[in-house]
Structures are given as C-alpha cells and as structure tokens.
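*Asks:* What follows is a structure written as structure tokens; I'll ask about it next.
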Amino acid sequence: MHFTIQREALLKPLQLVAGVVERKQTMPVLSNVLLVIEGQNLSMTGTDTEVELVARITLDEPAQSGEITVPARKLMDICKNLPADALIDFKVDEQKVLIKAGRSRFTLTTLPASDFPSSEESAGSLTFTLEQGHVRRLIERTSFAMAQQDVRYYLNGLLLEAKQGQLRAVATDGHRLALCSVPAQIMDSIQHQVIVPRKGVLELARLMTEESAEVTVVFGSNYIRATTAEFTFISKLVDGKFPDYERVLPRGGDKTVIADRQNLREALNRASILSNEKYRGIRWQLESGLLKIQANNPEQEVAEDEVTVDYTGEALEIGFNVTYLLDVLSATSSEQISIVLSDSNSSALIQEADNDGASYVVMPMRL
C-alpha cells in the first residue's frame, strides 16, 4: 500500500473521522482509523461500534492498493503540525506505516484491517433525500432539549419521524420539549420513527456543511445511514418507545404574548445572574403590554427587569426555569417570538412569530 496526498485534502476529513473515535477503548483497534486504497480512491473509517463514519477522497495520483489501520489521534496530530502545503507520502512496510513530508519522517505502528469491526446492515425500511441544510436545521433547533444520562434511555436521543413530504425531529428531557419539521422527498405514506443516540446526532450535525447539497438518509431496523458525496455516516439506534409527544403540546392557551426575542433574551440573562444556582427559577408577572421578570436566591438578593410586549389579556403570574427559556431563545432566529399561555400551572408553547415549523414546550415551575 502506497499513496501520496496533499495535507489539506487529508486533514479535514481525517478530523471528522477521528472525532468519532473514542480516546479510551476496550479494543485497541477502535483507537485506529481504517485506511483503504482502491485504485485512486482512499477511504478512511472511524468507529466506536455505535457510530461509524467513512470519508472518501479521490487521489490525484495512481496509488498502490491495500488496507491497514493506524492510530487515529497520532495520524491527525502529525497532519495538523505539517506545513499547509505539505505533500504527504504514505507507505506500508512490514506492518509499519512510513510517513514522509518534506524533511519530516514518522513511523507508526499498525493493526491489521481484518481486526477492524465492520458494520452489518440489514435492508433499509425507508430511503429518502433532503438538503443538508435542512438536517442541520432540525438538529440545531431541537438537540439542546435531549436528556443527558436519563434512566429513561430513549430520552437520551433525538426522535426522527418521517412521513409523507416531511421529516420531523423531537427532543425532550421531561421538563421541556423541542420540535421542528422540514420538507423532505418522502413518498411513503406510512409513518416511520427512529431514535438516534446523542453522539450520533452531534456527529451528523458536524457533517452537514453544504447547505444546499443533498444527503440520502436510510432508516434501517437498528441503524440510520446518511450518505453525502464525501461521507457515509452510520449510527446504531436507541431501542425504545419514544413518548407520545403530541399529547404534551399545550392546546387551547388563551393568552398570547408577542415579544422581541433579543430584548427578552437579554432581560432573562440579566435576571438569571441572581437566580438560585441549583433550581434556576424566575418569576414572570404578565400584565397588559408589559412583562415583569423577577429572580431571587437564598442570599436574599433580587433581580428585577421589565420587557415591553404585545399582550392585552388578563394578568398572570408564572414561574419557569430560566435556562430552559434561554435555550429556546438561543435556538431560534426570528426577531419576534410568540408565547402561548393558559394559567400558572400549564406549560408554555413558544414559537417564532412567523412560525416556521419549530415549536417549544416549557413546563412551569412552582416558586
């Protein structure tokens, strides 16, 4: 096996592939990246057995075919520290990899490619395409609401729900819920649901860099696969039943507040400084045209702020976890947001004023 490649052509895909590889591994080969040369095509694969990422690069020069695994972090650090215009020469010699670039020489240990775990995929139950920008948007608008290390393991991931013409993402940790839908080329009238684990969600978002380029997504019985021109991403699924999120969406709220997103966010940030560090509670007092925000803590310190809002209903007092509200305001991008409330014991429904397919539910707090 022997090939040459420009550092710039290798570094970015290598960083993405190495990002999947865990630092501490039970099997030594899982710390390595699999390099395969076929003709003028180089493929690099990294996996932690849950998430797998394959990068494909077309080489400028004909190469000597072969396959080998090399330490992912060391290879990445070598490439990072070479000059930007370096031409890297790789050669396998007696189970070692010799790397040359300019006056630099490196010898890396290897493990045989046959030791590298291969992902066994069953036939997919649904295949569809959509724009990469739409996938990234789904993840950015919802992933913050995923649970972290919850015993209800199915909440530690993102629900992807495919139905005719649209793909929807839903995340919840039991205290708040985020939901976003985008158009997708799905012809199947049957609804399909998969739960993608947290690591798979974050890795997939990192790959979606070409806004309008298409990605082909396959839902399998125990995996999801996403393929672009340069990458193939595969993640195992969380085996579990996601709660019926439709039942959580508040219905019949009779109080609608329209607020400037940035003004509200800044006021909440200021008030949060003096909120209880553990419970993060703040109180909203809503009256005609005005939202008063109050926070206090065990040291008897108090923060008060006011935001002018578009509201004409009756007065209402309600408590929230300020972190949950700030997360929503950071994930949205419109100038104005709409908040629908009914009473002090009911969840708030938050949407962008020009509702573009994203909705957020935040449960109230007793203060």
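The values are calculated or read from the model by the stated rules, or taken from the named source; none is laboratory data. All values reported here derive from a predicted model rather than from experimental measurement. Positions of Cβ are generated from backbone atoms using ideal geometry, with glycine treated the same way; all protein chains shown enter the neighbour counts. Each accessible area value is taken on the protein alone, full model and side chains, heavy atoms only, with ligands, DNA and RNA left out. Shrake-Rupley method; radii C 1.70, N 1.55, O 1.52, S 1.80 Å.
*Asks:* Can you tally the lysine pairs in the chain where the Cα-Cα distance is under 15 Å and the two residues are eight or more apart, or on different chains?
*Replies:* 8
*Asks:* Further, regarding this structure: To the nearest Å, what is the center-to-center distance of the range 37-107 and the range 290-314, using C-alpha atoms only?
*Replies:* 57 Å
*Asks:* While we're on this one: Charges on Cβ only, +1 for Lys and Arg, -1 for Asp and Glu, centred on the Cα centroid of the range 1-139; of ILE99, SER125, GLN25, which one is farthest towards the dipole's positive end?
*Replies:* In the range 1-139, that residue is ILE99.
*Asks:* Only Lys, Arg, Asp and Glu count, each charged at its Cβ (+1, +1, -1, -1), so figure out the dipole size of the chain about its Cα centre, rounded to 20 debye.
*Replies:* 940 debye
*Asks:* From the residues ILE234, ASN222, ILE273, which one has its Cα farthest along the dipole of the range 201-280 in the positive direction, the dipole being from +1 and -1 charges on Cβ of Lys/Arg and Asp/Glu about the Cα centre?
*Replies:* The Cα lying farthest towards the positive end belongs to ILE273.
*Asks:* How much length is gained if the chain between SER334 and GLN191 is pulled fully straight, taking 0.36 nm per residue apart and subtracting their Cα-Cα distance, in nm to one decimal?
*Replies:* 48.5 nm
*Asks:* Counting heavy atoms of the protein chains only and a 1.4 Å probe, report the per residue accessible area for the chain as a whole number of Å².
*Replies:* 49 Å²
*Asks:* To continue, here is another question. Placing unit charges on C-beta atoms (Lys and Arg positive, Asp and Glu negative, everything else neutral), compute the dipole magnitude of the range 96-193 about its Cα centre in debye, rounded to 20.
*Replies:* 620 debye
*Asks:* May I ask you to derive the FRET efficiency for THR216 and GLU22 from their Cβ-Cβ distance with R0 = 22 Å, giving the value to the nearest 0.05?
*Replies:* That gives a FRET efficiency of 0.25.
*Asks:* Let me ask something additional. For ILE282, what charge total do you get from the other residues with a beta carbon under 11 Å from its beta carbon, if Lys and Arg give +1 and Asp and Glu give -1?
*Replies:* +2
*Asks:* By the gyration tensor of its Cα atoms, with a ≥ b ≥ c the square roots of the eigenvalues, what is the shape of the range 115-231: rounded for a/c under 1.5, prolate for a/b over b/c, or oblate?
*Replies:* The shape class here is rounded.
*Asks:* Also: Using θ = phi - 60° and the Karplus curve 6.51 cos²θ - 1.76 cosθ + 1.60, what whole-Hz ³J(HN,Hα) does each residue of the range 359-367 get, with Gly and Pro shown as x?
*Replies:* Each residue's phi maps through the Karplus curve to give 9, 9, 10, 10, 6, x, 10, 8, 10 Hz.
*Asks:* Also, I was wondering about something else. Rounded if a/c is under 1.5, else prolate if a/b beats b/c, else oblate: with a ≥ b ≥ c from the C-alpha gyration tensor eigenvalues square-rooted, which is the range 35-157?
*Replies:* prolate
*Asks:* Same structure again: Rank by packing, highest mean first: peptides 322-332, 142-152, with packing defined as the count of other Cβ atoms within 10 Å averaged across residues.
*Replies:* With the highest mean Cβ count within 10 Å placed first, the list reads 322-332, 142-152.
*Asks:* Rounded, prolate or oblate: which one fits the range 243-328, using the alpha carbon gyration tensor with axes a ≥ b ≥ c (rounded when a/c is under 1.5, else prolate when a/b beats b/c, else oblate)?
*Replies:* Here the range 243-328 falls in the oblate category.
*Asks:* In whole Å, how far is the Cα centre of the range 125-165 from that of the range 238-259?
*Replies:* First find each Cα centre; the distance between them is then 16 Å.
*Asks:* Taking the Cα centre as origin and putting +1 on Lys and Arg beta-carbons and -1 on Asp and Glu beta-carbons, what dipole magnitude results for the range 7-111, to the nearest 20 debye?
*Replies:* 460 debye
*Asks:* In deg cm²/dmol and to the nearest 500, what is the mean residue ellipticity at 222 nm of the chain if only DSSP H runs of at least 4 residues count, each as -39500 (n - 2.57), divided by the residue total?
*Replies:* -5500 deg cm²/dmol, from helical runs alone.
*Asks:* Next question, about the same structure. Under a plain spin-label model, where a point goes 7 Å from the Cα along Cα-to-Cβ, how far apart in nm are LEU98 and THR209?
*Replies:* Label at LEU98, label at THR209, 3.2 nm between them.
*Asks:* Across the range 172-177, in residue order, what do the Karplus-derived ³J(HN,Hα) couplings come to in whole Hz, using 6.51 cos²θ - 1.76 cosθ + 1.60 with θ = phi - 60° and x for Gly and Pro?
*Replies:* Per-residue couplings from phi come out as 8, 10, x, 10, 8, 9 Hz.
*Asks:* Can you list which of the GluC sites (Glu not before Pro) found in the range 196-261 are DSSP loop residues with at most 11 other C-beta atoms within 10 Å?
*Replies:* The qualifying sites are GLU211.
*Asks:* Hey, rough spin-label estimate for VAL302 and LEU87, points 7 angstrom out along Cα→Cβ, what's it come to in nanometres?
*Replies:* With each label placed 7 Å out from Cα toward Cβ, I get 7.4 nm.
*Asks:* How far apart, in nm, are the 7 Å Cα→Cβ label points at ILE258 and LYS80?
*Replies:* 4.9 nm
*Asks:* Another question about this same structure. Could you tell me which residue out of ALA171, ILE350, ALA9 lies farthest along the dipole of the chain toward its positive end? Charges go on the beta carbon: Lys and Arg +1, Asp and Glu -1, centred on the Cα centre.
*Replies:* So the residue we want is ALA9.
*Asks:* Here is a follow-up. Can you list the residues, at least 5 places off or on another chain, whose amide H is less than 5 Å from the amide H of ASN276, using H built in the peptide plane?
*Replies:* GLY281, ASN296
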